[in-house]
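Below is one structure, written out as structure tokens; the observations come after it.
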Amino acid sequence: MSADIMMSIPNGNGNGNAQPDPQRTYQVVVAATKDMGIGKDGKLPWKLPSDLKFFKDVTLTTSDSGKKNAVIMGRKTWESIPLQNRPLPGRLNVVLTRSGSFDIATAENVVICGSMTSALELLAASPYCLSIEKVFVIGGGQIFRESLNAPGCDAIHITEIETSIECDTFMPSIDSSVFQPWYSSFPVVENDIRYCFTTFVRVRNSAVEHISQNSDQVFDDKPDAGKFEVKKFSFLPKMIFKKHEEYLYLKMVQDIISDGNLKDDRTGTGTLSKFGCQMRFNLRKTFPLLTTKALFWRGVVEELLWFISGSTNAKIKNNPNDRRIILSAWNPSDLKLMALPPCHMFAQFYVANGELSCQMYQRSADMGLGVPFNIASYALLTCMIAHVCDLVPGDFIHVLGDAHVYTNHVRPLQEQLQKLPKPFSILKINPEKKNIDSFVASDFKLIGYDPHEKIEMKMAV
């Protein structure tokens with residue numbers, strides 16, 4: 001693959017290679033229930049091997065093999081770690097305690113500090129400023145209360161426990177005026193516990209805009225309220241950074257440009273093409289409006305409102321287990337009357353666990369101009385139907401037949417591949433509207449959409 005079409009993915013070393021960081025920032029790693037419960041009787045009230053693996057992978061992995069990460073914890077958290085597992089190997093263990101009698105027998109890779117402030121000052125000074133790549137805060141409750149929403153917190157990696165579990169130790173809620181989801185895994189079930197992994201990133205240095213996932217008061221426009229004060233997110237561990245779902249699209253574009261089949265097309269422009277591709281987007285927390293170039297959101301909304309009717313949601317309300325909840329735009333008897341047969345021709349809806357998912361088949365997919373618009377359009381349709389059916393959005397699966405890049409789009413797409421994604425926005429729908437035919441464009445608000453600039457591409461006709 002030629003170097004000029006490689007995607008730009010940072011190495012995840014947020015501290016750089018040379019100069020010491022004068023003020024250490026940190027990331028929080030935690031597992032919590034919906035009401036932010038994190039423990040019971042001094043222990044984790046769940047056994048989730050995948051969560052332990054996630055914790056290990058995030059806190060242990062570095063981009064620079066010559067460095068290690070630091071984990072900051074309170075004394076009770078230190079004592080809750082099984083004796084054979086402490087100190088946590090491969091990491092500098094920083095234990096916070098004000099007890100002068102606390103003794104860890106000068107264990108290797110362990111230091112004691114009296115406070116978060118003193119710990120961060122220690123890690124910002126020599127020799128740790130040169131040997132420690134990232135700093136993670138791992139508990140317990142008091143440490144989380146002090147650090148979770150503090151200015152020094154860059155990111156929060158949280159295992160969100162959806163199953164109700166009794167706890168006696170709690171942490172504060174994540175401040176949604178400052179943090180926005182970067183990535184959220186699809187839900188998994190382990191030992192009868194349903195959970196997902198979510199990473200929140202700091203997108204603002206202060207509460208310039210209050211975003212409440214549970215608030216209905218989101219329909220007042222505020223100039224520049226959605227603009228990020230924090231522009232770069234390369235401080236994230238690389239394994240987390242590259243999980244951003246926009247890379248599904250970017251990697252597909254890169255693959256088509258690099259290895260696609262050169263084909264003629266009806267416009268005479270020529271395409272690079274691949275057959276049978278798929279992307280899967282998680283609609284539970286964020287909305288997949290691409291950020292590596294600016295998209296016309298109002299155009300997405302207005303076209304969809306013109307396109308839809310109320311026939312699909314009636315079947316979902318009356319028989320959610322039906323396997324024939326189909327939206328078809330392909331009418332063979334009318335094809336001869338059409339200037340261009342529909343590209344996004346067939347969608348199927350699926351209800352499970354109170355969630356609505358959609359799979360759409362697109363026979364012909366223009367990766368440069370059409371597909372970003374199509375992703376947003378069918379994601380919005382899924383969210384709208386879920387809303388009026390008292391369900392929550394689940395997954396949008398986008399299946400592409402002939403996925404192609406027009407030859408005159410290669411250069412602008414190469415430019416787009418060099419852009420780093422930003423957090424996806426959050427979609428809010430007017431809670432007063434419960435009839436799909438009653439929606440107007442002002443009923444939909446995107447919170448925190450701050451894309452890169454528009455990239456011009458000529459439409460092939």
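The values are calculated or read from the model by the stated rules, or taken from the named source; none is laboratory data. None of these values were measured; they are calculated from a predicted model. Positions of Cβ are generated from backbone atoms using ideal geometry, with glycine treated the same way; all protein chains shown enter the neighbour counts.
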Subset of segment 388-413 [over 23 Å from the mean Cα position of the chain (by Cα) and outside any strand (DSSP E or B)]
388, 389, 390, 407, 408, 409, 410, 411, 412
Tell me which residues, restricted to segment 430-457, are surrounded by fewer than 16 Cβ atoms within 10 Å (Cβ to Cβ) and in the same structural domain as residue 269 (by TED's automatic domain parsing).
431, 432, 434, 435, 437, 438, 440, 441, 442
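Output the residues belonging to segment 181-196 that are in contact with a Ser or Thr (Cβ under 9 Å, 6 or more places away or on another chain), of a type outside the set (Val, Ile, Thr) and either surrounded by fewer than 22 Cβ atoms within 10 Å (Cβ to Cβ) or modelled with pLDDT under 95 (or both).
Listed by number, the residues that qualify are 184, 185, 190, 192, 194, 196.
This table checks each residue for (1) touching a strand residue (DSSP E or B) at 6+ places or on another chain (Cβ under 7 Å); (2) charged (D, E, K, R); (3) buried (at least 20 other Cβ atoms within 10 Å of the Cβ).
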| site | (1), (2), (3) |
| --- | --- |
| 94 | yes, no, yes |
| 130 | no, no, no |
| 135 | yes, no, yes |
| 142 | yes, no, no |
| 150 | no, no, no |
| 161 | yes, no, yes |
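Yes or no, residue by residue, for (1) modelled with pLDDT of 90 or more; (2) within 13 Å of residue 421 (Cα to Cα); (3) surrounded by 13 or more Cβ atoms within 10 Å (Cβ to Cβ):
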residue: 222; (1), (2), (3): no, no, no
residue: 235; (1), (2), (3): yes, no, yes
residue: 250; (1), (2), (3): yes, yes, yes
residue: 254; (1), (2), (3): yes, no, yes
residue: 258; (1), (2), (3): yes, no, no
Considering only residues that are more than 20 Å from residue 153 (Cβ to Cβ) and of a type outside the set (Gly, Ala, Ser), look in segment 25-42 and name the one that is farthest from the chain's Cα centre (by Cα).
41
Matching residues in segment 80-99 (in contact (Cβ under 8 Å) with a residue 24 or more places away in the chain and of a type in the set (D, E, K, R)) number 1
Filter result (modelled with pLDDT of 95 or more and not in a helix (DSSP H, G or I)) within segment 128-147
132, 133, 134, 135, 136, 137, 138
Kindly establish whether residue 392 is surrounded by fewer than 23 Cβ atoms within 10 Å (Cβ to Cβ), under 17 Å from residue 292 (Cβ atoms) and either at pLDDT 95 or above or among the hydrophobic types (A, V, I, L, M, F, W, C) (or both).
no
Within segment 106-127, track down each residue that is surrounded by 16 or more Cβ atoms within 10 Å (Cβ to Cβ) and in a helix (DSSP H, G or I).
116, 119, 120, 122, 123, 124
Could you tell me which of the residues 352, 379 is within 30 Å of residue 238 (Cα to Cα) and either among the small types (Gly, Ala, Ser) or assigned by TED's automatic domain parsing to the domain that holds residue 155 (or both)?
379
Any idea which of (1) surrounded by fewer than 21 Cβ atoms within 10 Å (Cβ to Cβ); (2) under 24 Å from residue 240 (Cβ atoms) is the one residue 168 doesn't satisfy?
(2)
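Residue by residue, here is whether (1) at pLDDT below 95; (2) more than 30 Å from residue 420 (Cα to Cα); (3) hydroxyl-bearing (Ser, Thr, Tyr) holds:
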| site | (1), (2), (3) |
| --- | --- |
| 266 | yes, yes, no |
| 271 | no, no, yes |
| 275 | no, no, no |
| 278 | no, no, no |
| 303 | yes, no, no |
| 334 | yes, yes, no |
| 339 | yes, yes, no |
| 342 | yes, yes, no |
Report, by residue number, each residue of segment 395-419 that is surrounded by 22 or more Cβ atoms within 10 Å (Cβ to Cβ) and closer than 30 Å to residue 435 by Cα.
396, 398
Which listed residue is surrounded by fewer than 18 Cβ atoms within 10 Å (Cβ to Cβ) and either at pLDDT 95 or above or within 30 Å of residue 418 (Cβ to Cβ) (or both), from 103, 64:
64
Taking residue 155, is it modelled with pLDDT of 95 or more, out of contact with any Cys (no Cβ under 9 Å at 6 or more places or on another chain) and more than 28 Å from residue 188 (Cα to Cα)?
no
Residues being closer than 30 Å to residue 129 by Cβ, touching a strand residue (DSSP E or B) at 6+ places or on another chain (Cβ under 9 Å) and acidic (Asp, Glu) - total across segment 40-67:
1
Within the set of pairs 6 or more residues apart or between chains, which connect a residue that is buried (at least 16 other Cβ atoms within 10 Å of the Cβ) inside segment 27-46 to a residue that is basic (Lys, Arg) and not in a loop (DSSP other than H, G, I, E, B) with Cβ atoms less than 8 Å apart?
27/134
Quick one: which residue in 29, 58 is over 30 Å from residue 252 (Cβ atoms) and either assigned by TED's automatic domain parsing to the domain that holds residue 234 or modelled with pLDDT of 80 or more (or both)?
29
Test result for residue 404, within 27 Å of residue 361 (Cα to Cα), in contact (Cβ under 8 Å) with a residue 40 or more places away in the chain and not small (Gly, Ala, Ser):
yes
Return the residue satisfying two criteria in turn: it lies in segment 305-323 and is at pLDDT below 65 and touching a helix residue (DSSP H, G or I) at 6+ places or on another chain (Cβ under 8 Å), and of such residues it is farthest from residue 376 (Cα to Cα).
316
